[in-house]
Amino acid sequence: MTSNTKFPTEYRVEIFYPSYFNSRRPQPSGLPSQIGYGGTFFNISLSAPDLSNNVQNIQNTYATCIRPGFSTHAMNMNQRMLIFESSYTGNPDGSATLHVSPMPPNAAIFPPGPCLFFVVVDGVPSVAVQVMIGSGSIEVQQVVNTVALPQSKIIAADTSKSSSSASARGTGKPSTSAAMRMVGMSGCGLSLMLSAALVGILLLLTL
């Protein structure tokens, strides 16, 4: 801070560390370059590492766009943020697909032009990608009805084969050869017992 001035100026630098500073940023694929007002949904693919190797995190995932706007005279005009309607499909391999609706069928909610598009997974945003909203020009925009999203679901991995194999290994019956060995051993034991009994009887008779 400077001194001996009527209107002192303070010089300060603040280093911003977000909560996700040391986290892996999602790297979604299938991001659109342009988003219209209404229409069918688009799909964004997320790998298992994007979901921190937990497919359940797709339930805490959404797509959003931000228009920073511009500042002048202490006012920030035309700044907007919109979170898209979405549903999801979790895959058995830990990856997932995010089904995202386009802009609402009303250009007044988010005027046409560029914006920054993010996919946020459990509070961790992807690196921003610039996409165009509408035609990008100040004109009457094409507006169509929005197509309904598919129902959200997580498809569990098929473990029936491994379970069947484990069950067969754990509850399998002895082989035929093993059963025969068991019968043979029982037969030998019975013969020895009979021989011992006969010897005992003969001894008693000779006394």
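For this structure, a couple of remarks:
- Percent of Cα-Cα distances greater than 22 Å, calculated over segment 1-121: 51 percent
- Evaluated over the Cα positions of segment 95-134, the convex hull gives a direction-averaged projected area, one quarter of its surface, of 3.6 nm².
- Segment 59-139 has equivalent-ellipsoid semi-axes of 28, 15, 10 Å, by the square roots of 5 times the alpha carbon gyration tensor eigenvalues, sorted largest first.
- Accessible-area rank, largest first, for V147, V127, V120: V127, V147, V120, with all protein chains present and a 1.4 angstrom probe.
- Among the protein heavy atoms, those of M77 account for about 80 Å² of accessible surface (1.4 Å probe, every chain in place).
- Estimated distance in nm for a label pair at R25 and V144, the labels positioned 7 Å out from Cα along Cα-to-Cβ: 3.3 nm
- Residues V55, V119, ordered by accessible area of protein heavy atoms at a 1.4 angstrom probe radius and largest first, appear as V55, V119.
- Ranked order, S95, S126 - accessible area, probe 1.4 Å, largest first: S95, S126
- Taking all Cα-Cα distances within segment 1-53, those exceeding 16 Å account for 70%.
The values are calculated or read from the model by the stated rules, or taken from the named source; none is laboratory data. Being a predicted model, the structure only gives us computed values, none of them experimental. Because the Cβ atoms are built from the backbone with ideal geometry, glycine has one as well, and the counts that use them run over all protein chains shown. Only protein heavy atoms, including side chains, enter the accessible area calculation; ligands, DNA and RNA are left aside. Shrake-Rupley method; radii C 1.70, N 1.55, O 1.52, S 1.80 Å.
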